[in-house]
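Let me begin by presenting the structure, written as structure tokens, before commenting on it.
The values are calculated or read from the model by the stated rules, or taken from the named source; none is laboratory data. For clarity, every value in this text was computed on a predicted model and none was experimentally measured. Methodologically, a virtual Cβ is constructed for each residue, glycine included, from the backbone with ideal geometry; neighbour enumeration extends over all protein chains shown.
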Amino acid sequence: MPLISDGQAREDSWRHLEDDEALPADGAAVTVSLTRWERNETELRDWNGRLGLRLAAGELAEQVGEDAGRFDLICVAFPAFTDGRGFSTGRLLRGRYGFKGELRATGRVIRDQFFFLHRVGFDSIEVADPKLAEQWADALGEISVVYQPSHDRRVSIPQARWQSRAAAE
């Protein structure tokens, strides 16, 4: 499935393993479910390739906790575009648990949410229709004014006003 990452379409280089599927011998970049991570943590800590984690809807950032730093990629599933739990999960992984790797939204997300996903820390999103990937990438530039500071470090209107007052004094 194509991805949008840093505003550009690209192919997914990760292999998404099922819970009963063996780790590949070639040291490829793989993702595993939270269930598999909890069940096989010792084996996965010794994995010689890049390791990613998949969080299903309802699995929370707190369940990953301080282990977040062990992963190069965390995929957060959105079961419906009306389900906002993934936004909170992403924000907590970045803010509370200091996750520095790639944070990816998967599932049923609509284009209008991409900007806001980026604001809370998501780097990439799976796009179902590759023909629309370029349109998704354009979504990041459509909103230029923000009111709250966030993970993306855009200067909000209140911050800009405060900075201009401080500079004038």
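Below are the figures for this structure:
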read-out: Residue list for the stretch 65-87, restricted to those being under 14 Å from the mean Cα position of the chain (by Cα) and modelled with pLDDT of 90 or more; value: Ala68, Gly69, Phe71, Asp72, Leu73, Ile74, Cys75, Val76, Ala77, Phe78
read-out: Qualifying residues in the stretch 88-121 (those that are within 14 Å of Ala61 (Cα to Cα) and aromatic (Phe, Trp, Tyr)) - the one farthest from the chain's Cα centre (by Cα); value: Tyr97
read-out: Any hit, the stretch 96-108, residues being in a helix (DSSP H, G or I) and not acidic (Asp, Glu); value: no
read-out: Scan of the stretch 4-20 for residues that are closer than 29 Å to Glu41 by Cβ, part of a loop (DSSP other than H, G, I, E, B) and either polar (S, T, N, Q) or over 15 Å from the mean Cα position of the chain (by Cα) (or both), ordered by number; value: Ser13, Leu17, Glu18, Asp19, Asp20
read-out: Total residues in the stretch 54-84, condition closer than 12 Å to Thr106 by Cβ and either among the basic types (Lys, Arg) or in contact (Cβ under 8 Å) with a residue 40 or more places away in the chain (or both); value: 5
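Here's the yes/no breakdown for (1) within 19 Å of Gly101 (Cα to Cα); (2) modelled with pLDDT of 85 or more; (3) not in a loop (DSSP other than H, G, I, E, B):
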residue: Ala22; (1), (2), (3): no, yes, no
residue: Glu38; (1), (2), (3): no, yes, yes
residue: Gly49; (1), (2), (3): yes, yes, no
residue: Gly52; (1), (2), (3): yes, yes, yes
